[in-house]
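A.B. asks: Okay, here's the structure, questions in a sec.
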Amino acid sequence: MKKAFLFVSVFVLLLSSACTPGAAPERSPVTLNILAAASLTEAFQEMAPAFEAAHAGVTLQFNFAGSQQLAQQLANGAPADVFASANKKQMDVAVEAGRVAADAPASFVQNRLVIVLPPNNPAGITALADLTEPGLKIVLAAKEVPVGQYALDFLAKADADASLGSGYSTRVLANVVSYEENVKAVLTKVSLGEADAGIVYTSDAASATGEILQIEIPDGLNVIAQYPIAVVQDSANSDLARAFVDWVQSSEGQKVLEKYGFLPVK
Amino acid sequence: MNNHRHKGIRGSLWKASLLPYLLFILIPLFALLAGIRPADLARTLQQPQVWQAVRLSLLTSALSVLVTLLIGTPVSYYLSHRQYRAFRLMDTLVDLPTVLPPAVAGVALLLAFGRRGLLGDWLNLLGISLPFTTAAVVMAQTFVAAPLFIKSAAIGFSAIDCELKKSAALDGANRWQTFRYIVIPMSWPSMLTGAMLTWARALGEFGATIIFAGNYPGRTQTMPSAIYVGFELDLTVAVTLSVILVTLSFIALVTVKWFVYHYIEPASIETFD
């Protein structure tokens, strides 16, 4: 057993020495790991080339997923430099895990909810009240996903609205056929026509490639999603990470976000 | 003596070379088991969503095995006769789902059987809508897991001496009778082994399921989907379900090995040292 141990340690040593980089040259290429909510996919990807051009040697490596997944990855030690969440709750998970300083997160953009329908609207939905029609196939994000929770918040608000009839949320939820793992999956199921309706962010609806239809949710019932962004505390390149966060908050970054249907922070 | 000692060192080095892989597999499994307290296990199992996922997984995987037996056995029997010209094409076709990423299988199923899919209009005429249903879960699992049964059973079928079947035919048995009274009794261990493998794979199916069938508790949310979606909210739920899945898969594999060693290749058991 002793010999076995010796063998394994030699093996591991060999491996680790092979992985240790030599003396790092100056201005070595840097990769920034950006964990960002799935809804930010198109906007952040559009910002990337300009940021990389302005910061020579820097490559942005995005990881887009449901914020709840990213927060969990952070909590479990995933290497990261910036975290952009679709709600405060998941940013708090990262703060509680000690990966983000408590005072670091700043709201950088807002989003709203919208109802999306497949191209030729097979169910003939024209108003919010139609979502209660029995037999519809509605797709929401799971409540663990920020947009899923926001959708439930919207339904709870709608319950108080007499014009939508009593028990609105119960009747809508009875039509839900699937709780998807992120907002893009909801959009895909709707744009493929497999679902009759879904609830996503206005930004997702704006960046959808297919010709999906939309039904506005009035201000009084809508839910405003606040997106916080923060530099990860243990980032090895915190200056550059800070620069990316500033970039997102700059007028240039905000313009891109607005183009994709996001709302500026007031 | 010296020579013997030399051999001993080499022997233990040889054995030590097994360690990296074994540890790589064992440590995560151990971490799963260590990650849960028995009290948590009992408490989590009482949550309706966990119980629903367990029940749905057991139901759908059992149905997938049943469907596989029905539609896979003929293919398997055909594949056991290598002289057919279409053998290679068919053999490759059967292997394809096992190497495809499950997500690809999910997209393909959606594009074929979805409401707007290739067969969507015909299915709509019949009043059938497959996505988001338990049937879709069974389809996804069968698509991905059936090849395991088909390949395993084909090996069993091909081991049967052709002369036996010929003499059965000489005695007036038709194909069905030959199959029923000669082939099945002689190859049931391979069929059972394949069925267990298919069952275990169906139980673990996730990628195709969540794309084609979605995720709805009690209807389409299987154990793997619940692990994936529940992971973020409640790690205990994810770990509990993972432990159940590992246990079931382990039982399935032990059963398979037992049959392989006792019925299929009892002569070829060799010790490794």
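A.B. asks: Which order do the peptides A:45-56, A:191-202 take when ranked by the mean count of other beta-carbon atoms within 10 Å per residue, highest first?
C.D. replies: A:191-202, A:45-56
A.B. asks: First check a/c for the stretch B:39-134, with a ≥ b ≥ c the square roots of the eigenvalues of its C-alpha gyration tensor; if it is under 1.5, answer rounded, and if not, answer prolate when a/b is larger than b/c or oblate otherwise.
C.D. replies: Oblate, since a/c reaches 1.5 and b/c is not below a/b.
A.B. asks: Now for a different question. Strictly over 24 Å apart at the Cα level, which of A:Lys157/A:Lys259; A:Lys137/A:Lys255; A:Lys189/B:Lys151; B:Lys151/B:Lys257; A:Lys137/A:Lys157 would you flag in this model?
C.D. replies: Violating the 24 Å limit, Cα to Cα: A:Lys157/A:Lys259; A:Lys137/A:Lys255; A:Lys189/B:Lys151.
A.B. asks: Now a separate question. Helix by helix, which DSSP H runs in chain B go 24 Å or more along their axis at the Cα atoms and have an average Kyte-Doolittle hydropathy of 1.6 or more?
C.D. replies: Helices passing the filter in chain B: B:235-259.
A.B. asks: Counting only other chains, and only Cβ atoms inside 10 Å, what mean value do you get across the residues of A:144-153?
C.D. replies: So the per-residue partner count for this stretch is 1.
A.B. asks: Now a separate question. Under 14 Å from a label point 7 Å along Cα→Cβ of B:His81: give me every residue in the stretch B:133-158 with its amide N that close.
C.D. replies: Residues passing the 14 Å test: B:157-158.
A.B. asks: Now, a different point. Using a simple spin-label model with points 7 Å from Cα along the Cα→Cβ vector, what separation in nm is obtained for A:Glu52 and B:Asp40?
C.D. replies: 4.0 nm
A.B. asks: For the pair A:Ser166/A:Ser107, report the inter-label distance in nm, with labels modelled 7 Å from Cα in the Cβ direction.
C.D. replies: 3.6 nm
A.B. asks: Separate question: Can you pull the mean other chain C-beta count within 10 Å for peptide B:212-219?
C.D. replies: If you average over the peptide's residues, the count of other-chain Cβ atoms is 4.
A.B. asks: Mind ranking B:236-248, B:35-47, A:171-183 by how tightly packed they are, going by the mean number of other C-beta atoms within 10 angstrom, highest first?
C.D. replies: Order by mean packing, descending: A:171-183, B:236-248, B:35-47.
A.B. asks: If packing is taken as the average number of other Cβ atoms within 10 Å across a peptide's residues, how do B:113-122, B:251-260 rank, most packed first?
C.D. replies: Ranking, from highest mean packing down: B:113-122, B:251-260.
A.B. asks: Report the extension gain between B:Ile71 and B:His262 in nm, rounded to one decimal, defined as 0.36 nm multiplied by the number of residues separating them, less their alpha carbon distance.
C.D. replies: The B:Ile71-B:His262 span can extend by a further 66.0 nm.
A.B. asks: Also: Round to the nearest 0.05 the FRET efficiency obtained for B:Leu26 and B:Leu59 when R0 = 22 Å and r is the Cβ-Cβ distance.
C.D. replies: Efficiency, from the Cβ-Cβ distance: 0.10.
A.B. asks: Determine the shape class of the stretch B:38-266: with a ≥ b ≥ c the square roots of the Cα gyration tensor eigenvalues, call it rounded for a/c under 1.5, and otherwise prolate if a/b is greater than b/c, oblate otherwise.
C.D. replies: Because a/c hits 1.5 or more and a/b fails to exceed b/c, the stretch B:38-266 counts as oblate.
A.B. asks: Which of the helices in chain A, when you take each full DSSP H run, stretch at least 15 Å along the axis at their Cα atoms and have an average Kyte-Doolittle score of -0.5 or higher?
C.D. replies: Those that pass (Cα extent of 15 Å or more, hydropathy at least -0.5) are A:2-19, A:41-54, A:146-159, A:238-249.
A.B. asks: Looking only at other chains, what is the average number of their beta-carbon atoms within 10 angstrom of each beta-carbon in B:15-21?
C.D. replies: Counting other chains' Cβ atoms within 10 Å and averaging over B:15-21 gives 4.
A.B. asks: After finding the eigenvalues of the alpha carbon gyration tensor for the stretch A:113-216, what semi-axes result from the square roots of 5 times each, listed largest first in whole Å?
C.D. replies: Over the Cα atoms of the stretch A:113-216, the ellipsoid semi-axes are 19, 15, 12 Å.
A.B. asks: Can you give the Kirkwood hydrodynamic radius of the protein assembly as shown from its Cα pairs, in Å with one decimal?
C.D. replies: By the Kirkwood definition, the hydrodynamic radius is 27.0 Å.
A.B. asks: Measuring from centroid to centroid over Cα atoms, what is the spacing of the stretch A:137-159 and the stretch A:195-266 in Å?
C.D. replies: 18 Å
Just so you know, all these numbers are worked out from the coordinates, no wet-lab data involved. Just so it is clear, the model here is predicted, and its values are computed rather than measured. Note: ideal-geometry Cβ built from the backbone for every residue, glycine included; neighbour counts use all protein chains shown.
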